[in-house]
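Worksheet: the structure to be examined is printed underneath.
Rule-based calculations on the coordinates, nothing more; no lab input. On a predicted model such as this, the values are computed, not experimentally measured, just so you know. No Cβ is skipped: glycine too gets one built from the backbone with ideal geometry, and neighbour counts run over all protein chains shown.
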Amino acid sequence: MESQELENRVRLIVKTCLNANEDFNSISIKDNLVDLGLDSIQGIKLLVLIEEQFEIEFFDEEYNLDYFKDIDSIITMVKKHISYYS
């Protein structure tokens, strides 16, 4: 999967979780998702959607929003698990 495709898919998932209307392409991959309005319930939804969309499973110790604080962190985690499950 190409990097831009991965980023676009992650952005769409984040946008869905935040119920955002604004153009998420203008959001930096380093912008903190909590600062953008992500709460704990949306965080759980985010983790589940990522696992479903990328057909991966996070380890129990990774169920921590610190690992998913921004789009860049999410991309890093997805890449790690895609290669783990490949």
Inset, instruction - Treating the angle as unsigned and between 0 and 90°, give the value, to the nearest 10°, between the Cα long axis of helix 40-54 and the longest Cα principal axis of the chain. - result: 50
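Quick one: which of 53-61, 75-83 comes out on top by average Cβ neighbours within 10 Å, and what's the full order, highest first? Walk me through the intermediate numbers first.
Details: 53-61: 12.0, 75-83: 15.7.
Descending mean neighbour count gives 75-83, 53-61.
Given charges of +1 on the Cβ of Lys and Arg and -1 on the Cβ of Asp and Glu, with all other atoms neutral, how large is the dipole of the chain about its Cα centre, in debye to the nearest 20?
Working: 8 positive and 18 negative charges, 27 e Å.
Dipole size: approximately 140 debye.
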Inset, instruction - Set the Förster radius R0 to 25 Å, insert the Cβ-Cβ distance between Glu2 and Ser26 as r into 1/(1 + (r/R0)^6), and round the FRET efficiency to 0.05. - result: 0.75
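May I ask you to list the GluC sites (Glu not before Pro) in the stretch 1-32 that are in a DSSP loop and have at most 14 other Cβ atoms within 10 Å of their Cβ? Show your work: numbers first, answer last.
Details: sites: Glu2, Glu5, Glu7, Glu22; in loops: Glu2, Glu22.
Passing sites in the stretch 1-32 are Glu2, Glu22.
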Inset, instruction - Name the most mobile residue of Ser26, Ser40, Ser73, meaning the one with the largest mean-square fluctuation, in a Gaussian network model of the chain with Cα contacts below 10 Å. - result: Ser26
Inset, instruction - Provide Asp23, Asp31 in ascending order of the number of other Cβ atoms located within 10 Å of each residue's Cβ, fewest first. - result: Asp23, Asp31
Legend entry - Nearest-ten-degree value, helix 71-85 long axis tilted from longest Cα axis of the chain: 20
